[in-house]
Amino acid sequence: DSEAPPTQQHQCPKGVINDWRRFKLDSVDQTVPQNKRELLRQMSSPRDDDKERLNRKMSVHEYELIQDEDERCLKRYRKQCMQEMHERLSFGPKFESVHELESGEAFLEVIEKEHRLTLVVVHIYQHGVKGCEELNSCLDCLAAEYPSVKFCRIDAVATGAAERFSSEVLPTLLVYKAGELLGNFLAVTKHFNEEFFATDVEAFLNEYGLLPEKEFEACAADEDEGGEVE
């Protein structure tokens with residue numbers, strides 16, 4: 001007879017399995033019965049005299065002792081992993097609001113001196129031009145949802161180059177990273193319906209790959225599926 005294919009657990013890297021076992025041990029409430037705590041302790045960090053017992057097949061009784069903890073414990077473990085990954089990948093300041101640029105010099109400075117990994121989105125607007133006020137409101141919402149992105153706005157007159165930004169090309173969105181222009185969207189509202197919202201602007205920027213993934217999005221999805229984990 002051919003050998004049965006290895007189980008998914010046997011295919012997992014040994015370090016991941018050990019991390020999971022240690023997490024389970026640390027997560028066990030002290031009110032859990034002693035026999036269950038002892039079994040989980042053996043699984044997470046077996047002593048030499050435990051190894052023989054762990055190498056044999058788990059009994060039905062032992063399985064029943066631990067299976068009821070698995071689902072909640074797995075959700076806590078996944079959430080912790082996502083948080084740790086976010087901490088490793090996160091960088092630089094958090095902005096969380098739209099910054100008003102008062103001059104052309106401030107405009108150049110934010111492009112040239114911002115952290116090379118920071119995405120900078122600049123809205124050039126003018127009071128009274130259709131769509132500018134609505135786009136400002138949309139960017140206020142997006143700035144809160146994407147705190148690692150630096151959203152800015154500047155009045156076309158304040159740029160010192162108002163002749164280049166006539167009402168026909170406003171509102172304009174410019175997207176920079178490390179001083180490089182990644183997106184130049186003149187009269188950007190022509191891509192939207194007459195009534196548009198932050199989700200429409202978000203979808204448009206995402207079409208060009210110009211927004212990072214939302215922070216903790218995966219964790220929020222886990223919580224929505226299974227409720228809040230205590």
>> 7 Å from Cα along Cα→Cβ at both Arg164 and Phe197: what's the point-to-point distance in nm?
In response: 3.6 nm
> Label-point separation (nm) for Lys94 and Cys141, each offset 7 Å from Cα along Cα-to-Cβ?
Replying inline: 2.1 nm
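All of the numbers you see were taken from the coordinates with simple rules; none came from a lab. Everything numeric here is computed off the predicted structure, so don't read it as measured data. When we count neighbours, we look across all protein chains shown, and the Cβ atoms used for this are built from the backbone with ideal geometry, even at glycine.
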